[in-house]
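The values are calculated or read from the model by the stated rules, or taken from the named source; none is laboratory data. All values reported here derive from a predicted model rather than from experimental measurement. Using ideal geometry, Cβ is built from the backbone for each residue, glycine included, and neighbour counts are taken over all protein chains shown. For the accessible areas, the whole protein counts, side chains as well, though only heavy atoms, and no ligand, DNA or RNA atoms are used. Shrake-Rupley method; radii C 1.70, N 1.55, O 1.52, S 1.80 Å.
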Amino acid sequence: MRKYTPITGELHDYIVRQRSGANDPVLDALRAETMKFGDVSEMAISQQQCDFLTFLVAAIGARHAAEVGTFTGSSSISIARGLPRGGRLVCFDRDDKWTSVAARYWKQAGVDEKIELRLGDASRLLRAFKPEAPLDFVFIDGKQGWV
Ligand SMILES: C[S@@+](CC[C@H](N)C(=O)[O-])C[C@H]1O[C@@H](n2cnc3c(N)ncnc32)[C@H](O)[C@@H]1O
């Protein structure tokens, strides 16, 4: 006897629409702008992954976080939302074209004061990275190229 519900494309879309936090004008606008870049937009994490990151960061009480691979900002906004006031997220990415989009949306989401961007090759920058406090949460989503 089957004891699980198979996820079809239709059921997946329904769950995504019905989940708590589904109405998110900032992330919706960011997703729409990111999609204008074409196939590369698939690098952004999904809406459900955004919600999960926010939940996870808040649930573990993280204050200090880092991210490698920021792109247009979906994951960084989600992590920063889970941090308390005064929390800190350091983002590493080498591409100003993407991160300039992220920076605009950090402001719109009201999380810009929690985020610091370090622009350049993360494999070099991380060697010199001295966090102001031990990191509670690290999200690594950097890729050498998109395929
Ligand atoms: C999969 S995307 C990140 C998606 C992002 N987390 C989001 O939620 O939208 C990968 C990112 O890693 C960056 N990246 C790849 N290799 C890198 C490197 N060596 N140093 C810094 N950034 C790098 C790319 O510029 C790209 O923005």
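Within the stretch 12-44, can you find the residues that are modelled with pLDDT of 95 or more and among the basic types (Lys, Arg)?
Passing the criteria: Arg31, Lys36.
Here's a check for you: in the stretch 90-115, which residue that is touching a helix residue (DSSP H, G or I) at 6+ places or on another chain (Cβ under 8 Å), in contact (Cβ under 8 Å) with a residue 12 or more places away in the chain and charged (D, E, K, R) is surrounded by the most Cβ atoms within 10 Å (Cβ to Cβ)?
Asp93
Looking at Arg118 and the list (1) surrounded by fewer than 22 Cβ atoms within 10 Å (Cβ to Cβ); (2) touching a residue at least 40 places away in the same chain (Cβ under 8 Å); (3) not in a helix (DSSP H, G or I), which single condition is not satisfied?
Exception for Arg118: condition (2).
How many residues, within the stretch 1-59, are touching a Gly at 6+ places or on another chain (Cβ under 7 Å) and charged (D, E, K, R)?
Residues in the stretch 1-59 being touching a Gly at 6+ places or on another chain (Cβ under 7 Å) and charged (D, E, K, R): 1 in total.
So is Gly73 within 25 Å of Pro25 (Cα to Cα), open to solvent by less than 10 Å² (accessible area, probe 1.4 Å) and either touching a Gly at 6+ places or on another chain (Cβ under 8 Å) or more than 8 Å from the ligand (Cβ to nearest atom) (or both) or not?
So Gly73 does not fit the description; no.
One line per residue, one yes/no per condition, for (1) more than 7 Å from the ligand (Cβ to nearest atom); (2) modelled with pLDDT of 95 or more:
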residue	(1), (2)
Ser46	yes, no
Cys50	yes, yes
Ala59	yes, yes
Arg63	yes, yes
Ser78	yes, yes
Gln108	yes, yes
Asp121	no, yes
Ile140	yes, yes
